[in-house]
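A.B. asks: What follows is a structure written as structure tokens; I'll ask about it next.
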Amino acid sequence: MASMLGGSDSAIRDIEASALQRWRFASIARSISTLVGRPAAFAIAVLVIVLWAASGPLFGFSDTWQLVVNTSTTIVTFLMVFVIQNTQNRDTVAIQIKLDELIRATQGAHNAVLDLEELEDEQLRAYLKRYEELAAGARERLRKGRLDTGSPDIKPAH
């Protein structure tokens, strides 16, 4: 793995370089994501809402009282969108690398599918159609009591 990420001649083609760099935001986003994903964070959020609702009579259910919670939740939601998206992007890249490695290391696997995420929608649909045909054929063979194993050739997507 170290040689894959090592020199400039062996850079991974289908992954943005920025996805592999250490960014302060990525570190902060990962920490925030871990913290707010815990049951205690949910309990604190519920407690804050209960306290806000309980304080309603104290403030006469005024517009300011409502504005406080509306503004707070809007700001938190807006910021969390970026934290969640960053975390999802990192997870997606990691999963894609793992899947690519499994395909690459599996004898008989089609290396042409290593970077499908880079293809245009039309090309993806062509590959999907071919794999659906392969699955339907395998189910038909099973129905007839035959084996559904093997590595049939796939035709390149047009």
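A.B. asks: Are any residues in region 96-116 exposed (fewer than 14 other Cβ atoms within 10 Å of the Cβ) and part of a helix (DSSP H, G or I), and if so, which ones?
C.D. replies: Within region 96-116, Lys98, Glu101, Leu102, Arg104, Ala105, Asn111, Ala112 meet the criteria.
A.B. asks: For region 43-79, name all the residues that are of a type in the set (Phe, Trp, Tyr), assigned to a helix (DSSP H, G or I) and at pLDDT below 95. Write out each step before concluding.
C.D. replies: Residues of region 43-79 of a type in the set (Phe, Trp, Tyr): 52, 59, 61, 65, 78.
Checking which are assigned to a helix (DSSP H, G or I) leaves us with 52, 65, 78.
Within region 43-79, Trp52, Trp65 qualify.
A.B. asks: Something else about it: Can Leu119 be described as out of contact with any Cys (no Cβ under 8 Å at 6 or more places or on another chain) and surrounded by 14 or more Cβ atoms within 10 Å (Cβ to Cβ)?
C.D. replies: When the stated conditions are applied, Leu119 passes them.
A.B. asks: In region 122-155, what count of residues is obtained for those that are under 26 Å from Asn89 (Cβ atoms) and open to solvent by less than 70 Å² (accessible area, probe 1.4 Å)?
C.D. replies: Summing the residues that are under 26 Å from Asn89 (Cβ atoms) and open to solvent by less than 70 Å² (accessible area, probe 1.4 Å) in region 122-155 gives 3.
A.B. asks: Pairs needed: first member in region 93-115, among the basic types (Lys, Arg); second member anywhere, surrounded by 10 or more Cβ atoms within 10 Å (Cβ to Cβ); C-beta distance under 8 Å; at least 6 residues apart or different chains.
C.D. replies: Hits for this filter: Arg104/Asn111; Arg104/Leu114.
A.B. asks: Please tell me if Phe82 is under 30 Å from Ala29 (Cβ atoms) and either β-branched (Val, Ile, Thr) or at pLDDT 90 or above (or both). Spell out the reasoning first.
C.D. replies: On the way: under 30 Å from Ala29 (Cβ atoms): yes; either β-branched (Val, Ile, Thr) or at pLDDT 90 or above (or both): yes.
For Phe82, the condition - under 30 Å from Ala29 (Cβ atoms) and either β-branched (Val, Ile, Thr) or at pLDDT 90 or above (or both) - is met.
The values are calculated or read from the model by the stated rules, or taken from the named source; none is laboratory data. As the structure is a prediction and not an experimental result, all values here were calculated from the model. Here Cβ is always computed from backbone atoms with ideal geometry, including for glycine, and neighbour counts include all displayed protein chains. Only protein heavy atoms, including side chains, enter the accessible area calculation; ligands, DNA and RNA are left aside. Shrake-Rupley method; radii C 1.70, N 1.55, O 1.52, S 1.80 Å.
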